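In what follows, a single structure is set out as structure tokens and then discussed.
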Amino acid sequence: MADSETISKTPIEHEPVDLKGDVAHLSSVEHLSVLPHGTVDPVYELKARVLNNAIQEIGMGRYQWQLFIVVGFGWANDNFWPIVTSLIFTPITNEFLPSRPPLLSLAQNIGLLVGAMFWGFGCDVFGRRWAFNLTLGITAIFGLTAAGSPNFAAIGCFAALWSFGVGGNLPVDSAVFLEFLPGSHQYLLTILSVYWALAQVLANLIAWPLLGSLTCQEDATCTKKNNMGWRYFVITCGGISMIQFIIRFVLFTIHESPKYLMGKGKDEEAVRVVHDVARRNGKTSGLTIEDLRACEPSGVNQQTDSKAAIKRELAKFNLTHVRALFASKRLALSTSLIMVIWAFIGLAYPLYNAFLPYIQATRGAKFGDGSTYLTYRNSLIIAVLGVPGTLLGGFLVELPKFGRKGTLSISTILTGVFLYASTTALTSNALLGWNCAFSFFSNIMYSVLYSYTPEIFLTKHRGTGNALTATSNRIFGIMAPIIAMFANLQTAAPVYTSGALFIVAGLLVVILPFEPQGRASL
């Protein structure tokens, strides 16, 4: 077997030779260097570069733009259904009169946590395709069923079940999209978050007439008959997710990721997928199986006997993917920090945003304009302001010497600053203005965070890396409703806590070791 250094320098015939750029690239991702005890596979790294070049050669075409649309469904649902829970929180509380209303948000966050762990880790085991399709289907089915909930316990169970599907969207969809995306167009991963913002607008747009007109008013006797709005709302939202699932499953053929297939030793299938993507883009690819085999040291053949197959299946369930994310000091620092950042934001955002309609309603009543209609109107206005924030984030991440880290750090800090500013509001219009600023910068923050995170993980461990960060986010998200149960939401306490967490998270971004701007993801 050739030694590691020889392997890492194996020439690739169709790969453009740019020694200066190559050296700069390697120095910026030192965790990809060959490590002791085979921590990082140099053959995988070379094959990933070959596939990156093949995807870049094909370019951005019909397949990627279609993928941009259907992946956007996952982004949309990730925000859509938590917003649904937030919007139905008050009418459900008024109708069922639970002793601890935040248990609804707790059920949702438990579902999101389990979903993120199951689908995020699972897509590295059984592939992206099944997870990509099933997450939306599960969300739609239980979302539609939830409309028939007879009591608070039932709606809580269904919220947990639909959230199990929702929790897998970002870990899986970001991996799928990034692995088919040419390096020249990786900024589109940031632009994808426009779906996240549009979902918030859509949810509020549907809620305004349904919940605003067919929902019990504050402090009024509330029965099922005069509180049907939330049921119509949930049915509508479940129907939208079902349509998206049908489009994904029936009208679009999703390929398994070439780099995922290559990482599993299925080089022939990886080459076939690349050629089919090229065909759908109206192009041809020069990639051959020999290009991938040229990256392998001589004398090494993949074992194909049944004993080896059983071992490989059992090996899927060990901690290899997790250990690889902490394989060097810089990589361990990067993985740890991004998990902490996701955790802090996971607590800060739901602590404030999940109870925003409640805060608006109670404060609006204090200001003299707390009607249900105005509450949902204001929620729609706040949601609309998030759309330009997402688009601006896609522009800022490509600015030289600013990039992902600069945009993420500044937008996260400003999100916290404007939360603090909202406590100074003396009128409901002033509160609305500060909340709009919060929505604008928080959408920039999320658009960058969702793209930066998968970019810093290797493809073969990306699903696991996404799962770890999503799990951190969801675990701390579970803490938000628990805190809300014992905190006084009619004070500014949740706002102060959320603002501090956002600011600290923004400062932590500064010391993240990797900036993926301008580099194709491996």
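When the range 182-205 is filtered for residues that are open to solvent by less than 30 Å² (accessible area, probe 1.4 Å) and over 11 Å from Met60 (Cβ atoms), the ones remaining, listed by number, are Leu189, Thr190, Leu192, Ser193, Val194, Trp196, Ala197, Ala199, Gln200, Val201, Ala203, Asn204.
Under the condition of being open to solvent by 40 Å² or more (accessible area, probe 1.4 Å) and among the hydroxyl-bearing types (Ser, Thr, Tyr), which residue from the range 206-234 is farthest from the chain's Cα centre (by Cα)? Going through the qualifying residues, I end up with Thr221.
Just need a number here: residues in the range 158-167 that are under 17 Å from the mean Cα position of the chain (by Cα) and open to solvent by less than 10 Å² (accessible area, probe 1.4 Å).
As a first pass, look at the range 158-167 and keep what is under 17 Å from the mean Cα position of the chain (by Cα): 162-167.
Okay, now just the ones that are also open to solvent by less than 10 Å² (accessible area, probe 1.4 Å), so 162-163, 165-167.
The qualifying residues number 5.
Only a single criterion out of (1) crowded, with 20+ Cβ neighbours inside 10 Å; (2) modelled with pLDDT of 90 or more is not satisfied by Asn109, namely (2).
The residue pairs whose first member lies in the range 247-264 and is under 15 Å from Phe126 (Cβ atoms), whose second member is open to solvent by 20 Å² or more (accessible area, probe 1.4 Å) and acidic (Asp, Glu), and whose beta carbons are closer than 8 Å, counting only pairs six or more residues apart or on different chains, are Glu256/Glu269; Leu261/Glu269. Number of residues in the range 118-139 that are surrounded by fewer than 23 Cβ atoms within 10 Å (Cβ to Cβ) and among the polar types (S, T, N, Q) equals 1. State yes or no: is Cys237 open to solvent by less than 40 Å² (accessible area, probe 1.4 Å) and in contact with a Cys (Cβ under 9 Å, 6 or more places away or on another chain)? Judged against the criteria, Cys237 is not a match. Does the range 429-451 include one or more residues that are β-branched (Val, Ile, Thr) and in a helix (DSSP H, G or I)? Scanning the range 429-451 turns up at least one residue that is β-branched (Val, Ile, Thr) and in a helix (DSSP H, G or I).
Residues in the range 140-157 that are open to solvent by 10 Å² or more (accessible area, probe 1.4 Å) and either of a type in the set (D, E, K, R) or farther than 19 Å from Asn227 by Cα (or both): Ile141, Phe142, Cys157. Which pairs have Cβ atoms under 6 Å, sit 6 or more apart or on different chains, and link a residue in the range 494-508 that is outside the structural domain of Gly406 (by the TED database) and surrounded by 16 or more Cβ atoms within 10 Å (Cβ to Cβ) to one that is assigned to a helix (DSSP H, G or I) and modelled with pLDDT of 90 or more? Going by the 6 Å Cβ cut-off, there are no qualifying pairs.
When residues in the range 87-105 are screened for being surrounded by 21 or more Cβ atoms within 10 Å (Cβ to Cβ), of a type in the set (A, V, I, L, M) and either more than 23 Å from Ala383 (Cα to Cα) or modelled with pLDDT under 90 (or both), 1 of them pass.
To keep it simple, each residue is scored yes or no on (1) of a type in the set (Gly, Ala, Ser); (2) touching a helix residue (DSSP H, G or I) at 6+ places or on another chain (Cβ under 8 Å); (3) modelled with pLDDT under 90.
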| residue | (1), (2), (3) |
| --- | --- |
| Val271 | no, yes, no |
| Val300 | no, no, yes |
| His321 | no, yes, yes |
| Leu325 | no, yes, yes |
| Ile338 | no, yes, no |
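If you go through the range 112-162 and pick out every residue that is modelled with pLDDT under 85 and not in a helix (DSSP H, G or I), you end up with 1.
The values are calculated or read from the model by the stated rules, or taken from the named source; none is laboratory data. Fair warning: this is a prediction, and the values are worked out from it, not measured in the lab. Positions of Cβ are backbone-derived with ideal geometry, glycine not excepted, and every protein chain shown enters the neighbour counts. Surface areas here come from the heavy atoms of the whole protein model, side chains and all, with no ligands, DNA or RNA. Shrake-Rupley method; radii C 1.70, N 1.55, O 1.52, S 1.80 Å.
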